[in-house]
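Undergrad: There's a structure below that I have some questions on.
Taken together, the values in this text are just the output of simple stated rules run on the coordinates, not laboratory data. Note that the coordinates shown come from a computational prediction; the quantities given were computed from them, not determined experimentally. Cβ coordinates were reconstructed from backbone atoms using ideal geometry, including for glycine residues, and neighbour counts include every protein chain displayed.
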Amino acid sequence: MLDLSQTPVTLLLLGVNILLSLFVLMRQPALLDRLSLVPVRVLQNGEIYRLVTAGFVHVNGTHLLVNMITLYFFGPWMEITLGSAAFLLLYFGAELAAHGVSLVIHRRNPRYAAVGASGAISGVLFAFCLYEPFRLLFLFFVIPIPAIVFAIGFVIVSLIAMRRQAGQVGGFAHEAHLGGALGGVVIAIALNPAVLPALLQTITLNG
């Protein structure tokens, strides 16, 4: 069991996500529309707050559970590695990157709306992959796969899914996942430039 008392930012993010998401789902479902990312409302009405609030509400319990489990396993490691302040920057920077990509792609789509912490958590996960490229991750909690292989596969699958889902309403926000992942990588390198040559050296030694 992870000791979250040593990682206050991760603990706070877990708490806010869980409490706010459950409150909206169980008590105030109408808030989902008011807090979600709707690009046309952000751009036309100036509702910039949606770029942040959308990351703290989820469409259902399963959506919330998957995101929080991922944050629980990777957030503490990254917070200890980077420090709490830098980890907070990583998390919100990745979220803004994720929603920024969605904003650009769906700027003319009045039917598009998205919620969930997936973009931010993709950033945390990809930052972890920079530091631990050969650490085994367990796909679907069962299949062991090196972090770097997972990252490459994630990008490929997301790109394919984006093409297939183009023009559809609903489903996964694959572009947000990619945006968050890219944001997480860029921010992690900016916070610690030494991680990139260390990554290349690790890949060379294990190649």
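Undergrad: Longest exposed-loop-site-free stretch of the chain, with chymotrypsin sites (Phe, Trp or Tyr not before Pro), DSSP loop and at most 12 other Cβ within 10 Å? Each step should come with its number before you reach the end.
TA: Values: sites that count: TYR49, PHE140, PHE141.
Here the longest run is 50-139.
Undergrad: About its Cα centre, what dipole magnitude does the chain give when the only charges are +1 on Lys and Arg Cβ and -1 on Asp and Glu Cβ, stated in debye to the nearest 20?
TA: 660
Undergrad: Okay, helix-only estimate at 222 nm for the chain: each DSSP H run of n ≥ 4 adds -39500 (n - 2.57), divide by all residues, round to 500 deg cm²/dmol; what do you get?
TA: Details: 10 runs with 142 residues, N = 207.
Mean residue ellipticity at 222 nm (helix-derived): -22000 deg cm²/dmol.
Undergrad: I would also like to ask the following. For the stretch 29-43, what does the Karplus curve 6.51 cos²θ - 1.76 cosθ + 1.60, with θ = phi - 60°, yield as ³J(HN,Hα) per residue in whole Hz, taken in order and with x for Gly and Pro?
TA: x, 5, 5, 4, 5, 6, 9, 6, 7, 10, x, 5, 6, 5, 7
Undergrad: Moving on to the next point. Relative to the longest principal Cα axis of the chain, at what angle does helix 118-131 sit, 0 to 90 degrees, rounded to 10?
TA: 10
Undergrad: Name the residues whose placed amide hydrogens come within less than 5 Å of the amide hydrogen of LEU137, ignoring near sequence neighbours (fewer than 5 apart) on the same chain.
TA: Under 5 Å from the amide H of LEU137: ILE145, ALA147.
Undergrad: Compute the relative contact order of the stretch 63-130 as a whole-number percentage, counting only Cα pairs closer than 8 Å that sit 6 or more residues apart in sequence. Don't skip to the answer; put the middle values down first.
TA: Working: 45 pairs, mean separation 34.2, N = 68.
Over the stretch 63-130, the number comes to 50 percent.
Undergrad: Would you calculate the separation in nanometres between label points at VAL104 and GLN28, each defined as 7 Å from the Cα along the Cα-to-beta-carbon direction?
TA: Output for this residue pair reads 3.3 nm.
Undergrad: Return the whole-Å distance between the Cα centroid of the stretch 94-150 and the Cα centroid of the stretch 1-73.
TA: What the calculation gives is 15 Å, centre to centre.
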